[in-house]
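Let me begin by presenting the structure, written as structure tokens, before commenting on it.
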Amino acid sequence: MPISVFDAHCDTISRCWREYEGLDRNAGMISLERTAGFGRYCQFFALWTADGYTGGPLGGDSVERAYQALLRCFKDQMARNADRIVQCRTAAEAELAQSQGKAAAFLSVEGGELLGCDSDRLAQAAADGVKAINLTWNHANALSGAHADGSERGLSPLGRRFVERMEELDILVDVSHLSEAGFWDVMAMARRPILASHSNIKSVWDHTRNLTDGQITAIIENQGVIGLNFYTEFVGGGRDLDMVRVHLDRLLELGGERSAALGGDWDGCDTIADLPAIDSLPRLYEHLLHHGYRETVVQDLFYNNLMRVVR
């Protein structure tokens, strides 16, 4: 039986925009051609660009233009492939799309700079269909420090208002890339489940982009989800399926059976050799079953847990 997949992070739209390629077929890691064999397919597509990420108080016109250009690219790909994929904001919308034989596309923004770090722009983002926002990318900004820049900085007053407004608008707060200080500020405020769309386990592989056991436990208690990342530098060790399994094992040991998800970081990095593109995910599914994981646990990892959070 074909597997169901719900993945929390890819940079495919940015790649399509940059390379003038389409979502139906391209030279990247995700295309509708590659995902056609899945039973059900949902994907968070991130809007992201490094251009203009200067950390200024409200960003600049170039960043706003980048957001609009990326959004147009996403909307254009939805229109061009309307018979195969549709934008969704809720699980109910995704289930309707799947009943019609279509994939479900969820929209996210990677880095509050693309919205000028301006909470007044969030209502329009919600109207655009944005379902999740990473507060930072790799650089500190007006909202907070990031994992590798200003790591001691938590949420600014502007950042707190930004998070409050996101939750009012039912936009998921994504803590991947955030400083640890910012993470704990978010958790102290959170009234809804938190998303860590593409982060691994720091006690397994020590990298600033990976989450500590304390952070993981907090997300589990919050009923949020953590998308396992397949980037070689975050997986570490042998950079193979066995090492991905070690990350998953630690997450499960901490009680994360209902919080484990996929966050491949497709088209944004060099993924491990065993998972060169999204259509290789059945290898991971079979690998986990072969090593004794219950199929219900694997199905929750691949699809159900993330679907629960977008309801």
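Just a few scattered comments:
- Of the trypsin sites (Lys or Arg not before Pro) in region 178-260, those whose Cβ has at most 10 other Cβ within 10 Å and which sit in DSSP loop: Arg191
- Positive-pole candidate from Ala103, Ala181, Ala196, dipole of the chain, charges at beta carbon: Ala103
- All other residues whose Cβ lies under 10 angstrom from that of Ile30 are scored, Lys and Arg at +1 and Asp and Glu at -1, for a net of -3.
- Relative contact order (%) - region 126-212, alpha-carbon pairs under 8 angstrom, separation at least six: 28
- Interchain or long-range residues, amide H under 5 Å from Leu211's placed H: Asn200, Ile201, Lys202
- When +1 charges are put on Lys and Arg Cβ atoms and -1 charges on Asp and Glu Cβ atoms, the dipole computed for region 205-311 relative to its Cα centre reaches about 340 debye.
- Total formal charge among the other residues, if their Cβ is under 12 angstrom from that of Val204, Lys/Arg +1 and Asp/Glu -1: -2
- Using a probe radius of 1.4 angstrom, the carbon and sulfur fraction of the accessible surface of the chain is 47%.
- For region 11-19, 3J(HN,Hα) per residue [Karplus equation, 6.51 cos²θ - 1.76 cosθ + 1.60, θ = phi - 60°, Hz, x = Gly/Pro]: 10, 5, 5, 4, 5, 4, 5, 6, 9
- One entry in (i) 32; (ii) 42; (iii) 36 is percent of Cα pairs over 28 Å apart calculated from the shown coordinates; its label is (i).
- Note on the chain: helix-only mean residue ellipticity at 222 nm, from DSSP H runs of 4+ residues weighted -39500 (n - 2.57) and normalised by residue number, equals -10500 deg cm²/dmol.
- Put simply, the amide H of Ser151, placed in the peptide plane, has neighbours under 5 Å in Ala146, leaving out anything fewer than 5 places away on its chain.
- Region 92-107 - phi-based ³J(HN,Hα) in whole Hz, Karplus 6.51/-1.76/1.60, Gly and Pro as x: 4, 5, 5, 5, 5, 4, 5, 5, 9, x, 10, 7, 10, 10, 9, 9
- Amide hydrogen neighbours beyond the local backbone of Ala103, cut-off 5 Å, H modeled: Ile85, Val86
- Förster radius 25 Å - calculated FRET efficiency between Ala69 and Asp170, Cβ distance, rounded to 0.05: 0.45
- Exposed loop sites were defined as GluC sites (Glu not before Pro) in DSSP loop states (anything but H, G, I, E or B) carrying at most 16 other C-beta atoms within 10 Å; in the chain the longest segment without such a site runs 22-151.
- Take the Cα of Asp83, go 7 Å toward its beta carbon, and the backbone nitrogen atoms of region 10-36 under 18 Å from that spot belong to 22-26, 32-36.
- Spin-label model, Asp120 to Ala277: label points 7 Å out along the Cα-to-beta-carbon direction sit 4.5 nm apart.
- Counting only Cβ charges, +1 for Lys and Arg and -1 for Asp and Glu, the dipole size of region 1-112 around its Cα centre is about 240 debye.
- Using θ = phi - 60° and Karplus 6.51 cos²θ - 1.76 cosθ + 1.60, couplings along region 250-261 (whole Hz; Gly, Pro as x): 5, 4, 5, 4, 7, x, x, 4, 9, 10, 7, 9
The values are calculated or read from the model by the stated rules, or taken from the named source; none is laboratory data. Note that the coordinates shown come from a computational prediction; the quantities given were computed from them, not determined experimentally. Positions of Cβ are backbone-derived with ideal geometry, glycine not excepted, and every protein chain shown enters the neighbour counts. Areas reflect the complete protein model, heavy atoms only, side chains present, ligands, DNA and RNA absent. Shrake-Rupley method; radii C 1.70, N 1.55, O 1.52, S 1.80 Å.
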